[in-house]
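Colleague: The structure's right below; bear with me while I get my questions together.
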Amino acid sequence: MVKYQETSQFCKEKLFWMGLSVIALIIWMGIEVQSYIAGKPSFLGIAYIGLFCGLLLWRYAVRYTYVLTNKELIITSQFLYVSRTFTVHLDSLECYSNQYKGNIFKRRGVSRLIHRYSAADGRDTRMLTFMEKGKACGLLLKISDAFMNKLKILRPEIYESM
């Protein structure tokens, strides 16, 4: 049964920076096309353009849906017609916090760090640590205060304010 659900949002300020990145990408592509026409192609430059374009798509174009049920947190990432689901069982949660501080991951010996948020989302970055196959894992996401409050109601004993 779904307790709470929300979708990643776009912040105008963050979209401004994405727009500047796209303009820089277009200028860079123009320079590479001119050098290709002049007979001096830079295959490394072309590869960097592809990587930069992929990074922009991954950071800004993927939308995330966060669903909290009685027993699990389900995160669905969607890009065009492709979707992927990531699930964390609430019983495996070790701690969660309203603030992202990297030292908590070092203290807890996190071996895997998972990012599930859009860079265009203006909300605060929240963090969770959980156990997966006997190893500590970290999860970074951008969710609202209302979502965190619902999580606190379901798992009040492990909340860690930092």
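Colleague: Considering the options Met148, Ala120, Gly109, tell which one lies farthest towards the positive end of the dipole of region 90-160, charges being +1 on Lys and Arg and -1 on Asp and Glu at the Cβ, about the Cα centre.
Modeller: Gly109
Colleague: Taking θ = phi - 60°, what integer Hz values does the Karplus form 6.51 cos²θ - 1.76 cosθ + 1.60 yield along region 122-135, in sequence order, with x for Gly and Pro?
Modeller: x, 6, 5, 7, 10, 9, 10, 10, 8, 9, 9, 6, x, 10
Colleague: Gaussian network model of the chain, Cα springs within a sub-10 Å range: biggest mean-square fluctuation belongs to which of Ser35, Ser111, Ser144?
Modeller: Most flexible of the set in this elastic network: Ser35.
Colleague: Now, a different point. Lys and Arg at +1, Asp and Glu at -1: add these up for the other residues within a Cβ distance under 14 Å of Tyr4 and post the number. Before the final figure, lay out the partial values.
Modeller: Working: positive: Lys3, Lys71, Arg126, Lys150, Lys152, Arg155; negative: Glu6, Glu72, Asp145.
Taking every other residue near Tyr4 into account, the sum is +3.
Colleague: Please compute the per residue accessible area over region 7-162 with all protein chains in place, 1.4 Å probe, rounded to a whole number of Å².
Modeller: Result: 59 Å² of accessible area for each residue.
Colleague: Show me, for region 143-158, the HN-Hα J-couplings you get by feeding each phi into the Karplus relation (A = 6.51, B = -1.76, C = 1.60, θ = phi - 60°), rounded to Hz, glycine and proline as x.
Modeller: Calculated HN-Hα couplings, in order: 10, 7, 5, 5, 5, 5, 5, 5, 5, 5, 5, 6, 9, x, 6, 10 Hz.
Colleague: Follow-up. May I ask you to list the aspartates and glutamates whose Cα is less than 12 Å away from that of Lys71, ignoring any residue fewer than eight positions away on the same chain?
Modeller: Partners found: Asp91.
Colleague: Could you work out, for region 17-128, what percent of all Cα-Cα pairs fall into each 10 Å distance bin, beginning at 0 Å and stopping at the bin that holds the largest distance?
Modeller: Cα pair-distance distribution for region 17-128, in percent: 11, 30, 28, 18, 10, 3, 0.
Colleague: About the Cα centre of the chain, how large is the charge dipole given +1 on each Lys and Arg Cβ and -1 on each Asp and Glu Cβ? Please answer in debye to the nearest 20.
Modeller: Values: 22 positive and 12 negative charges, 49 e Å.
The calculation lands at about 240 debye.
Colleague: In the chain, what percent of the accessible surface is made up of carbon and sulfur (1.4 Å probe, ligands and nucleic acids excluded)? Could the numbers behind the result be given before it?
Modeller: Working: 5900 of 9800 Å².
Ligands and nucleic acids excluded, carbon and sulfur give 60 percent.
Colleague: Using 0.36 nm per residue of separation minus the Cα-Cα distance, give me the extension gain between Lys101 and Gln78 in nm, one decimal. Walk me through the numbers before you get to the answer.
Modeller: Working: separation 23, 0.36 × 23 = 8.28 nm, distance 2.69 nm.
Length difference between fully extended and current span is 5.6 nm.
Colleague: Once you charge only the Cβ atoms, +1 for Lys and Arg and -1 for Asp and Glu, what is the size of the charge dipole of region 90-160 about its Cα centre, to the nearest 20 debye?
Modeller: Working: 14 positive and 8 negative charges, 47 e Å.
Around 220 debye, computed over region 90-160.
Colleague: Further, regarding this structure: I'd like the FRET efficiency for Asn149 and Ile23, computed as 1/(1 + (r/R0)^6) with the beta carbon distance as r and R0 of 35 Å, rounded to 0.05.
Modeller: Details: r = 39 Å, r/R0 = 1.12.
With a Förster radius of 35 Å, E is 0.35.
The values are calculated or read from the model by the stated rules, or taken from the named source; none is laboratory data. These numbers come from a predicted model, not from an experiment. Reconstructed Cβ throughout: ideal geometry from the backbone, glycine too, with neighbour counts over all protein chains shown. Quick note on the areas: whole protein, heavy atoms, side chains included, nothing else; ligands and nucleic acids left out. Shrake-Rupley method; radii C 1.70, N 1.55, O 1.52, S 1.80 Å.
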